[in-house]
Amino acid sequence: MAAVQKGAARVARSLAEEIRAKKIIKLPQTAPSVVNLRELRGRLVKEDPDLVLINKPHGLPVHGGPSTKQSVASMLPALSEMLCGRSAEPLRLCHRLDRDTTGALILARTMEAAERVQKLLKQHRVQKVYWALCIGVPTPLEGILDIPVVERETDGPQRHYKMSLSPRLHVFKDGSTKKIRISRSAREAVTRYRTLCEADGASLLELHPITGVKHQLRVHLSYGLNCPILGDHKYSHWGRLAPQKPPKAILQALRLSLPQARSLLLHLHAAQISLPAHAAEEDPIVLQCPPPKYFMSTLRRLGIPPPSLKSIGYPLED
């Protein structure tokens, strides 16, 4: 009996060592597949001598990382060759979108073009327009959120980091306010919004971010307006990591059970990017992308009319 137990222990130790060994093996980066390259090529919306606009799909990160096998950045050399031939200069990223955000992503054909766009972004001369399908209806229906954003560690049972608000004022129950000191690491974040339509406890918002802080729109909508974006499982709760729980009316309209709601995709779409003209006599460069099929399908089920790219104005009126 003792011999059997010793043998079992040796097998267990051997298996544990094998598992640990597998964990430290670094898998080589895989080359972008032809299917994904063709899909990205099919999402090309507009080309000109300096810039290329693609309609980024959901779930594709812009930049790579230790656990990321594929990203827009990793596919740029092959995409450049597919579009312009082997001798073409690799396309360059001008900005970024979150992995789960869809829509307008600008690529530059040259270093000079990329630096020009990035300079305009730093000067806040690039105007972006997003559409977000949210749970709840904001009050008021339109306005400006001017609340700094900072990254913090949550104090819930599952400690993790996420972006949060760092307001300048504390509002008491009687309506009085007190000025408070914001965190030193907080960044200024300003978002203009307006409600386009509402139905079944959901609302379609048009967003004009004045600044470009990480997860700014998601944080402002969820914590500033109490209207989290549909499918935003990260910012629908503060101190815990859990799937979003849409209200019953939305679930019924979408024909989903509560467990099925965990598979909802983020309904945040970059619809338009506008760049100032190169010269006074030229028109601004307006780049637009239609929303993905899943976004449009959700709108139909909620009875919300789809937004029109033609209705977006430029420049944004003050």
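Side notes on the structure shown:
- Neighbour net charge for ALA189 - beta-carbon separation under 10 angstrom, K R +1, D E -1: 0
- Separation of the range 190-214 from the range 131-155 is 8 Å, based on Cα centroids.
- Residue-by-residue Karplus 3J(HN,Hα) for the range 59-69, coefficients 6.51, -1.76, 1.60, Hz, glycine and proline x: x, 9, x, 7, 10, x, x, x, 9, 9, 7
- Relative packing of peptides 291-301, 36-46 - highest average C-beta neighbours within 10 Å first: 291-301, 36-46
- For ARG96, solvent-accessible area (1.4 Å; no DNA, RNA or ligand), Å²: 140 Å²
- For VAL45, the residues 5 or more places off, or on other chains, whose built amide H falls under 5 Å of its own are LEU53, ILE54, ASN55.
- Using heavy atoms of the protein chains and a probe of 1.4 Å, the accessible area assigned to ASP283 is about 120 Å².
- Residue-count net charge about LYS293 - beta-carbon cut-off 14 Å; Lys, Arg +1, Asp, Glu -1: +2
- Accessible surface computed residue by residue for the range 53-122, with neighbouring protein chains in place and a 1.4 Å probe, gives 47 Å² per residue.
- HN-Hα J in Hz across the range 101-116 - Karplus 6.51, -1.76, 1.60, θ = phi - 60°, x for Gly and Pro: 8, 9, x, 5, 10, 8, 10, 10, 7, 9, 4, 4, 5, 4, 5, 5
- Of LYS119/LYS234; LYS56/LYS128; LYS173/LYS234; LYS56/LYS234, those spanning more than 26 Å from alpha-carbon to alpha-carbon: LYS119/LYS234; LYS173/LYS234
- Pairs of alpha carbons in the range 225-300 whose separation is greater than 16 Å (percent): 62 percent
- Exceedance of the 30 Å cut-off in Cα-Cα distance is limited, within the set LYS46/LYS162; LYS122/LYS293; LYS122/LYS245; LYS214/LYS245, to LYS46/LYS162; LYS122/LYS293; LYS122/LYS245.
- Karplus 3J(HN,Hα) series, Hz, for the range 193-205 with 6.51 cos²θ - 1.76 cosθ + 1.60 (x for Gly, Pro): 9, 8, 8, 8, 6, 9, 6, 6, x, 10, 9, 9, 10
- Taking 0.36 nm per residue of separation and subtracting the Cα-Cα distance, full extension of the segment from ALA73 to LYS248 would add 59.0 nm.
- Neighbours of THR211 by Cβ distance under 10 Å: Lys/Arg scored +1, Asp/Glu scored -1, total -1.
- Solvent-accessible area per residue for the range 181-318 (1.4 angstrom probe, square angstrom): 51 Å²
- With R₀ fixed at 41 Å, the C-beta to C-beta distance from SER263 to ARG184 puts the FRET efficiency at about 0.55.
The values are calculated or read from the model by the stated rules, or taken from the named source; none is laboratory data. From a predicted model like this one, the values you see are computed outputs, not experimental measurements. All Cβ positions, even for glycine, are placed from backbone atoms using ideal geometry, and neighbour counts span all protein chains on display. Heads up: the accessible areas ignore ligands, DNA and RNA and are worked out on the full protein's heavy atoms, side chains in. Shrake-Rupley method; radii C 1.70, N 1.55, O 1.52, S 1.80 Å.
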